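The values are calculated or read from the model by the stated rules, or taken from the named source; none is laboratory data. Being a predicted model, the structure only gives us computed values, none of them experimental. Neighbour counts are summed over all protein chains in view; Cβ atoms, including those assigned to glycine, are modelled from backbone coordinates with ideal geometry. SASA here: full protein model, heavy atoms, side chains in, ligands and nucleic acids out. Shrake-Rupley method; radii C 1.70, N 1.55, O 1.52, S 1.80 Å.
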Amino acid sequence: MKLSLYLKFIAGYLVFGVLGFAAVWTVSSGMMYQYLLRERADAMYDEANLIASAYSNIYQGEKQDLESAYQQLQAVAVFVDLEIWVVNRQGVIVVDSNHSARTGETIEGFDPMVTGNKSYVIGDYFGQFPYDVLSVSAPIIGNYNTYGYVTVHMPVSTIRADSDQGLNVIYISAAIIFVLSLIILLVFTKTVYFPLKKITEGANQYAAGNLDYRIDLEAGDEMGYLAATLNYMSAELNKMEEYQRNFIANVSHDFRSPLTSIKGYLEAIIDGTIPPEMYEKYLKRVISETERLTKLTQGLLTLNSLDGKGYLNRSNFDINRVIKDTAASFEGICMGRDINFDLTFTDNIQMVYADMGKIQQVLYNLIDNAIKFSYDGSTIFIQAYQRNEKIFVSVKDTGIGIPKNSVKKIWDRFYKTDQSRGRDKRGTGLGLAIVKEIIQDHGENIDVVSTEGAGSEFIFSLPRATVL
Ligand code: ADP
């Protein structure tokens with residue numbers, strides 16, 4: 001079974017809680033107990049020494065009231081919850097702070113060195129206590145003599161109780177931290193889990209083909225950025241899909257009309273609607289339609305090759321020469337319609353660095369359009385001039401111009417203005433799409449300035465050749 005990120009996070013949180021408490025329970029409880037033990041033993045040892053020095057004075061015969069000393073001892077013992085004994089060297093109890101009746105009792109097996117190299121000992125102290133006690137002892141010394149010992153005892157259970165109380169504080173603090181760390185879980189839920197769910201849902205919708213789906217996520221963090229990127233991606237894919245649908249519709253439409261007329265003419269010839277003396281006229285129309293189909297196919301193939309970010313075969317060449325040659329190739333058509341070219345170059349030779357074949361095609365398409373949409377007897381102006389590191393080429397006509405609302409669309413594949421649909425049956429609407437693609441592949445720009453009824457000017461840039 002696959003565990004969701006959320007479950008993993010909760011499991012991690014619980015493991016963190018359990019391990020946290022286990023650590024506090026084992027490590028902290030041991031450390032706390034040991035700490036208290038040492039601290040109490042030190043305090044008791046100081047106490048024992050204090051009392052031992054007082055008894056040393058008494059043993060050395062200084063004026064001291066034994067009775068009042070005992071009472072003082074008792075007060076100290078009660079105050080700090082201790083049992084204090086004064087024992088002579090033979091192990092006979094001289095004073096017992098808590099049981100005065102024990103005075104004179106002998107401690108069997110008494111050994112003042114029982115603490116060894118430690119300052120305290122834990123146990124029943126030579127069988128004197130029915131429970132475990134922490135014991136320390138200090139010698140009563142005077143005149144290079146050891147008169148006896150002060151031993152101080154505290155029940156281990158008292159230390160345990162104190163340790164438990166200290167631990168309770170730690171447990172409560174740990175519990176508060178554990179509960180507070182729930183905030184992390186809540187923040188994770190809100191900032192990661194829910195957004196991730198929305199994004200996953202979006203991705204599933206896109207995979208299922210629903211590219212209109214919008215991921216509704218307004219966040220200023222990486223999740224929001226991811227959602228916005230996915231929304232953008234789906235919108236782009238959607239546009240692409242729509243573009244492709246339109247493209248296929250346009251291609252089909254543009255292929256169908258010439259095919260329909262070819263079919264119509266041929267059927268009319270076969271069933272005799274067109275008499276044999278008219279054959280030539282109609283067969284010429286059939287040829288013209290097939291030429292249009294060829295042109296369409298050619299245009300589509302060119303665009304297709306450019307789509308793959310067509311590899312450019314760049315070289316340094318003189319753009320003036322290419323302009324002259326291309327214009328010359330239209331001589332035949334221009335003579336028939338009395339159209340003239342006016343070529344202006346700022347320099348005799350202007351070298352550019354570009355794909356010559358493709359730039360030839362650009363010029364061909366632009367001049368072809370300029371002629372198509374010019375009036376008979378007019379002039380077409382072509383210029384090439386240098387600005388900074390660029391060479392600008394302009395193809396200008398004084399023809400029918402382009403309506404304002406069509407200017408943006410002329411670059412679209414298959415787009416033709418209404419006037420040109422009537423006037424120019426040969427056009428495929430692919431010429432300018434190809435031009436734009438080629439110029440963009442060169443990393444350059446092309447623009448148009450046109451006024452309906454006055455003419456159009458197409459200007460594009462090319463990089464100047466750096467090495468002449
Ligand atoms: P076409 O093969 O139809 O000329 P283009 O892509 O070259 O296709 O041009 C698209 C449309 O832009 C043309 O059909 C025409 O309406 C308009 N157009 C292009 N060049 C000119 C121009 N020089 N003058 C007026 N209209 C133009």
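At-a-glance table
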item: Ranked by how many other beta carbons lie within 10 Å on average, peptides 367-380, 330-343 from highest; result: 367-380, 330-343
item: Förster radius 22 Å - calculated FRET efficiency between GLN360 and LEU259, Cβ distance, rounded to 0.05; result: 0.10
item: Prolate/oblate/rounded call for the stretch 241-335, Cα gyration tensor, a/c under 1.5 rounded; result: oblate
item: Rounded, prolate or oblate (a/c below 1.5 giving rounded, otherwise prolate when a/b exceeds b/c) for the stretch 274-393 by Cα gyration tensor; result: oblate
item: Rough spin-label spacing in nm, given labels placed 7 Å along Cα→Cβ, for LYS118 and GLU241; result: 7.9
item: Residue-normalised accessible area of the chain, given per residue in Å² at a 1.4 Å probe; result: 58
item: Among the listed pairs LYS372/LYS396; LYS295/LYS416; LYS390/LYS436; LYS324/LYS358; LYS408/LYS436; LYS324/LYS416, those beyond 22 Å (Cα-Cα); result: LYS324/LYS416
item: Label-to-label distance, nm, for residues given as PHE194 and LEU293 (7 Å Cα→Cβ offset); result: 6.2
item: Fully extended contour minus Cα-Cα distance, from ASN388 to PHE178, at 0.36 nm per residue; result: 68.7 nm
item: DSSP-assigned coil residues among trypsin sites (Lys or Arg not before Pro) in the stretch 70-136, each with at most 13 further Cβ atoms within 10 Å; result: LYS118
item: Cα-projected label distance for ILE248 with SER53, points at 7 Å along beta-carbon direction, nm; result: 10.6
item: Spin-label zone in the stretch 368-388 - amide nitrogen under 16 Å from a point set 7 Å from the Cα of LYS324 along the C-beta vector; result: 382-385
